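Peer 1: Please find one structure pasted underneath; my questions will follow.
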Amino acid sequence: MPYSKSGSAPWATDANLFAALEGGRKVTSWFGYLPDFHDAKVRCMEFSAGAGVVEIEAFRMTSEVDEKGYFILDRQALVTLNLSGVTGVTMSCDPNPGIEELGIRRLNSEVDIPADIAALVGDLEIAFDDVCGGSGTIFARSISLTVTPAPTPVSES
């Protein structure tokens, strides 16, 4: 569960919130469940003039293993988070090696919003931990998601 800058306890994505986001149901439908993006890779993260785009190479891990004993991955896709009204970004990590877990939640009055972030109650927080122990948080007014199935396995680079 992500550990975010706004709040001291780990938390998980609310399935109802994720489903309510534009494109959220399509992402869940593609993977067959609400993904936590474990071992996914951030392909692109860009911010400009209060907007942002985060592209994540994701997959579903099956319970089957190949001849080398590695889990077989399927349902590979590029998941894009389109952010508007970005009010803050904090990074104490390098998400390139892989994401441990990603979570999305709506800020409410019970969450301590950091003084150095312009986020408001009602905004969204996207928080993730990387596989090396770092974390990152993005605050935005809204998020829409797209899922683009990969015709071939996502890159290993």
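Peer 1: How far, in nm, would the chain grow between ARG106 and ARG60 when pulled straight, counting 0.36 nm per residue and subtracting the alpha carbon separation?
Peer 2: Contour length minus the Cα-Cα distance gives 14.0 nm.
Peer 1: Compute the length gained on full extension between TYR70 and LEU21: take 0.36 nm times their separation in residues and subtract their Cα-Cα distance, giving the result in nm to one decimal.
Peer 2: So the chain would gain 14.3 nm between TYR70 and LEU21.
Peer 1: Of ALA40, ALA15, ALA77, which has the largest mean-square fluctuation in a 10 Å C-alpha GNM of the chain?
Peer 2: Largest GNM mean-square fluctuation: ALA15.
Peer 1: Moving on. Per residue of the stretch 46-59, what does 6.51 cos²θ - 1.76 cosθ + 1.60 with θ = phi - 60° give for ³J(HN,Hα)? Whole Hz please, x for Gly and Pro, Karplus curve as stated.
Peer 2: Computed from phi, the couplings for the stretch 46-59 are 9, 9, 7, 6, x, 10, x, 9, 10, 9, 10, 7, 10, 7 Hz.
Peer 1: With +1 on the Cβ of every Lys and Arg and -1 on the Cβ of every Asp and Glu, and nothing else charged, how large is the dipole of the stretch 105-145 about its Cα centre, in debye rounded to the nearest 20?
Peer 2: With only Lys, Arg, Asp and Glu charged at Cβ, the dipole is about 200 debye.
Peer 1: Treat every Asp and Glu Cβ in the stretch 1-151 as -1 and every Lys and Arg Cβ as +1, leave all other atoms uncharged, and give the resulting dipole magnitude about the Cα centre to the nearest 20 debye.
Peer 2: The calculation lands at about 440 debye.
Peer 1: Would you mind estimating how fast the stretch 4-86 diffuses translationally, via Stokes-Einstein at 20 °C and 1.002 mPa s with the Kirkwood radius over Cα pairs, in µm²/s?
Peer 2: After rounding, the answer is 146 µm²/s.
Peer 1: May I pose another question? Please list the non-local residues whose amide H lies under 5 Å from the amide H of THR87, H modeled 1.01 Å from N, same-chain partners needing a gap of 5 or more.
Peer 2: PHE139, ALA140, ARG141
Peer 1: Then there is this: Amide H of GLY23: which non-local residues (sequence gap of 5 or more, or other chain) have their own amide H closer than 5 Å, using H built in the peptide plane?
Peer 2: Answer set, sorted by chain and number: LEU145.
Peer 1: Find out how many positive minus negative residues lie around VAL79, taking Lys and Arg as positive, Asp and Glu as negative, among other residues whose Cβ is under 9 Å from that of VAL79.
Peer 2: Local charge sum for VAL79: -2.
Peer 1: Now for a different question. List the residues, sorted by chain then number, that are 5 or more residues from GLN76 or on another chain and whose placed amide H is less than 5 Å from its amide H.
Peer 2: It is ARG60, ALA150, by chain and number.
Peer 1: I've got another one for you. What longest range of the chain stays clear of loop-exposed GluC sites (Glu not before Pro) (DSSP non-H/G/I/E/B, at most 12 other C-beta within 10 angstrom)?
Peer 2: Excluding the exposed sites themselves, the longest stretch runs over 1-66.
Peer 1: What chymotrypsin sites (Phe, Trp or Tyr not before Pro) in the stretch 28-105 are in a loop by DSSP, with at most 12 other Cβ atoms within 10 Å of the Cβ?
Peer 2: Counting only loop positions with at most 12 other Cβ atoms within 10 Å, the chymotrypsin sites (Phe, Trp or Tyr not before Pro) in the stretch 28-105 are TYR33, TYR70.
Peer 1: Write out the trypsin sites (Lys or Arg not before Pro) in the stretch 54-123 meeting two conditions: DSSP loop, and at most 12 other Cβ atoms within 10 Å of their Cβ.
Peer 2: Hits after loop and neighbour filter: LYS68.
Rule-based calculations on the coordinates, nothing more; no lab input. Quick caveat, the model's predicted, so the values are computed rather than measured. Positions of Cβ are generated from backbone atoms using ideal geometry, with glycine treated the same way; all protein chains shown enter the neighbour counts.
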